[in-house]
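Below: the structure, in structure tokens.
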Amino acid sequence: MTKKDKIKLPRRQFLARTVKAGLSIVAASALAKLMYNSKPPSVAADISEMVKVPDFSVAARASQQISIIKGPDPAQSSLKAIDLLGGIERFVKPGDIVVIKPNVAFASPPALGATTNPALVAQIVRLCLDRGKAKKVIVTDNPINNPESCFLISGIGKAASAAGAELLLPRPAYFRNTSLQGGKLINDWPIYFEAMRKADRLIGIAPLKDHHRSGASMTMKNFYGLLGGRRNIFHQNINTIIAELAMLFRPTLVILDGTTVMKTNGPTGGSTSDLKRADTLIAGTDPVAVDSFGATLLDLKTSDLPYLSLAAEAGAGSTDYMLLKPIFASVS
Amino acid sequence: MSPARHQPTRLESIVAIALTAIPVIILVLIFTAHKTTDISRFGIQSSITEKPQSWGLLTEDKSAIDLAGLAPQGFKPFGHGESYDEETLYEKINGKAPLYTESGFVKLSTQRYVSEKNDELTFELYIYNMGSAANAFSVYSIQRRAESSPADGMPFAYRTENALYLADGRYYCELIGSSDSPLLLDAVDFTATALIENLKDAGPAEIPQLAIFPSQNLIPNTFILYLNGAFGFAGLTNTFSAKYKVNDETVTAFISKQPDPAAAKELADQYAEFVIVNGGEKIAPSDPAVKYIDFYGSLEIVSVEDSFVLGIHQADDRMAADIILALIRNSLAKENQ
């Protein structure tokens, strides 16, 4: 048998096969053309765009900017504090999406006071949902330590969920870069933006703590938790970064829980002997004023915490809380 | 009539194998590309994408100590052990990291334990390798809680209502309970004892400089070692302080060893100047070799004894301060003989 004999193929069959092969190539090419996406993934397109943090603040009301409540139970004190500022209805409108930012920085049991009191978080969640008629309440933070552990061990995850909030844990895709106009440090820096993207309100709830680097950790420092990236580099410029955070994040309301104060070895604490009862809770629309009063519970003056003056000079609020005519009350 | 089935030639076989191999190669290339994609091309910052990789729980502890094995009876390890170096320490303790990283920090190993019967009873063990006994003692002493009681049988150790803290050689350790439950505190004690037995490479636990402080009038367990910036003055390094009681007055004495007497005198002058620049006023000394400065109603005393800078910090009572200063000077004179 010759080589020619082996490859002998009828003309009709040869043509049929050629046409089939040709059609297959054309179909594959057409499909590839149809499915080809010349743009990079959508997440990339979003991330490359700088975002602007919305201003969540409410209009100031004379004599209703800061309330200071004495009482042993922070959840009860918070109700009184908010009522005296005009009620939750002033801050949350029906159908709003509310983001609550507690301090969940550590995987630390609630008894150690390094994180926001879970019962206080739950109270504010319920208040927003029940009386504020919020559509949704999101509780979130960006702990550097494992977020699941932090929300679990701090008790905040369980308390917030039970109260009806949605927990949002950070993922890399949730960060977007932003710049603070005139800022020295927050320039093209990633922030935890996802929660704020669709939010109508932002409420910060912070425990009152001593802080090794900044002197005190209160409501302004609480927003440090919304920074992404290797944010520890800002510890070298702690006063500037806290003042810039006060400019970048304009919350609807802040609550500073000084019922139990971490007086020493902050911000981690560790021993219950680091904690002292002050039985005081402060709520307000001016974080600088709230923190300025909070400093007194740590036996500090405004001048001991330079970030307060820096923030005030930048227009984030007033260090002279008495000028705002704080409303004092007590809850038994 | 159907054509006879022909046998493929060698060339046809090679072409067929090559054509079959092409999609396989393409699949391998796609898989490889996905594994090594540089997502920064799409504008995602590497600082963000690195984050999940650096979360503590993802880093299992590789220390020589079997942390899980330190679980006391009735308790079990809660999650994996974690470890942090100088770069990642802030992920665990955030704003407190500089206290350690500025004091010779090498590594932190941690492990949580939980009661087998009550998951609200937990404690966490922190083992800071500080590189030297002085560094470990420094972070131990600076953070020492006033409301505490000594823990007997351990090198430098104290208890609070819910925790136990100790320094052993190069290690500073914390065992922090979630409550003051007696069951939990017993478990903490067990693990602390087992831990010390396992810190075989801790090195000497003694801090020789503490012996310079005379025991007369000394308030126990009030030693502090400032590696840097004692009393707010950057130049005052490696400074030990201790509290004394004279009648009802509490007096803080300090010493700082310098390379030679000239360096000690220069540092003493600089510190006195620092206090004056910040609002202090010189007052008549009892001894010409000693500087007395009134600092907003409290008394700062600075002196030199051979290679040591010594002094009294913010005393309320001059007589009590002079008594303690004399005690320290005598002790240093003996030390220098």
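Per-residue answers, yes or no, for (1) of a type outside the set (V, I, T); (2) surrounded by 17 or more Cβ atoms within 10 Å (Cβ to Cβ):
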{"residue": "B:E206", "(1), (2)": "yes, no"}
{"residue": "B:F213", "(1), (2)": "yes, yes"}
{"residue": "B:I219", "(1), (2)": "no, no"}
{"residue": "B:V251", "(1), (2)": "no, yes"}
Here the residues within the stretch B:133-179 that are acidic (D, E), under 21 Å from B:F190 (Cβ atoms) and at the interface with another protein chain (Cβ under 10 Å from one of its Cβ atoms) are B:E161, B:E174
For residues that are within 14 Å of chain B (Cβ to nearest Cβ) and of a type in the set (K, R), scanning just the stretch A:168-214, find the one that is farthest from A:N265 (Cα to Cα). A:R176
Looking only at the stretch A:78-90, decide whether some residue is within 21 Å of A:M262 (Cα to Cα) and modelled with pLDDT of 95 or more. yes
Within the stretch B:125-146, how many residues turn out to be surrounded by fewer than 19 Cβ atoms within 10 Å (Cβ to Cβ) and among the β-branched types (V, I, T)? 1
Looking only at the stretch A:300-323, which residues are of a type in the set (A, V, I, L, M, F, W, C) and either over 14 Å from A:M218 (Cβ atoms) or part of a helix (DSSP H, G or I) (or both)? A:L308, A:L310, A:A311, A:A312, A:A314, A:M322, A:L323
Restricting attention to the stretch B:84-110, and to residues there that are assigned to a helix (DSSP H, G or I) and among the hydroxyl-bearing types (S, T, Y), which single residue is nearest to the other protein chains (Cβ to nearest Cβ)? B:Y90
A:D274 - would you say it is under 21 Å from A:P118 (Cβ atoms) and surrounded by fewer than 20 Cβ atoms within 10 Å (Cβ to Cβ)? no
So which of B:A64, B:A4 is within 23 Å of the chain's Cα centre (by Cα) and modelled with pLDDT under 85? B:A64
Suppose we filter A:F293, A:F249 for residues that are within 16 Å of A:I203 (Cα to Cα), of a type in the set (A, V, I, L, M, F, W, C) and crowded, with 18+ Cβ neighbours inside 10 Å; which single one remains? A:F249
Among residues of the stretch A:252-299 being in a helix (DSSP H, G or I) and either under 19 Å from A:V104 (Cβ atoms) or under 22 Å from the mean Cα position of the chain (by Cα) (or both), the residue nearest to the other protein chains (Cβ to nearest Cβ) is A:D274
Keeping to the stretch B:215-241, report how many residues are touching a Phe, Trp or Tyr at 6+ places or on another chain (Cβ under 9 Å) and over 23 Å from B:A263 (Cα atoms). 7
Matching residues, the stretch A:213-229, being in contact with a Leu (Cβ under 8 Å, 6 or more places away or on another chain), in a loop (DSSP other than H, G, I, E, B) and surrounded by fewer than 24 Cβ atoms within 10 Å (Cβ to Cβ): A:S214
Exactly one condition in (1) more than 10 Å from chain A (Cβ to nearest Cβ); (2) at pLDDT below 50 is not met by B:T49; state its number. (1)
Residues being farther than 18 Å from B:G169 by Cα and in a strand (DSSP E or B) - total across the stretch B:111-153: 9
Can you go through B:K92, B:K107 and tell me which one is in contact with a Leu (Cβ under 7 Å, 6 or more places away or on another chain), of a type in the set (D, E, K, R) and surrounded by fewer than 23 Cβ atoms within 10 Å (Cβ to Cβ)? B:K92
For the condition surrounded by 20 or more Cβ atoms within 10 Å (Cβ to Cβ), over 21 Å from B:G104 (Cβ atoms) and over 26 Å from the mean Cα position of the chain (by Cα), what is the one hit in B:A242, B:A272? B:A272
Under the condition of being part of a loop (DSSP other than H, G, I, E, B) and in contact with a Lys or Arg (Cβ under 7 Å, 6 or more places away or on another chain), which residue from the stretch A:115-163 is nearest to the other protein chains (Cβ to nearest Cβ)? A:N145
Can you pull out the residues in the stretch A:215-231 that are more than 8 Å from chain B (Cβ to nearest Cβ), of a type outside the set (A, V, I, L, M) and within 14 Å of the chain's Cα centre (by Cα)? A:T219, A:K221, A:N222, A:F223, A:Y224, A:G225
Since B:E120 meets every condition but one in (1) closer than 20 Å to B:N162 by Cβ; (2) modelled with pLDDT of 95 or more, which condition does it not meet? (2)
Test A:I100 against the criterion of being assigned to a strand (DSSP E or B), closer than 26 Å to A:A216 by Cα and either within 14 Å of chain B (Cβ to nearest Cβ) or touching a helix residue (DSSP H, G or I) at 6+ places or on another chain (Cβ under 7 Å) (or both), and give yes or no. yes
Cβ contacts < 7 Å: first residue within 16 Å of A:A316 (Cβ to Cβ), restricted to the stretch A:51-66; second residue of a type in the set (K, R), any location; separation 6+ or different chain. Result? A:D55/A:R250; A:F56/A:R201; A:F56/A:R250; A:S57/A:R250; A:V58/A:R90
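The values are calculated or read from the model by the stated rules, or taken from the named source; none is laboratory data. Quick caveat: nothing in here was measured; it's all calculated off a predicted structure. Glycine also receives a Cβ, built like all others from the backbone with ideal geometry; neighbour counts cover every protein chain displayed.
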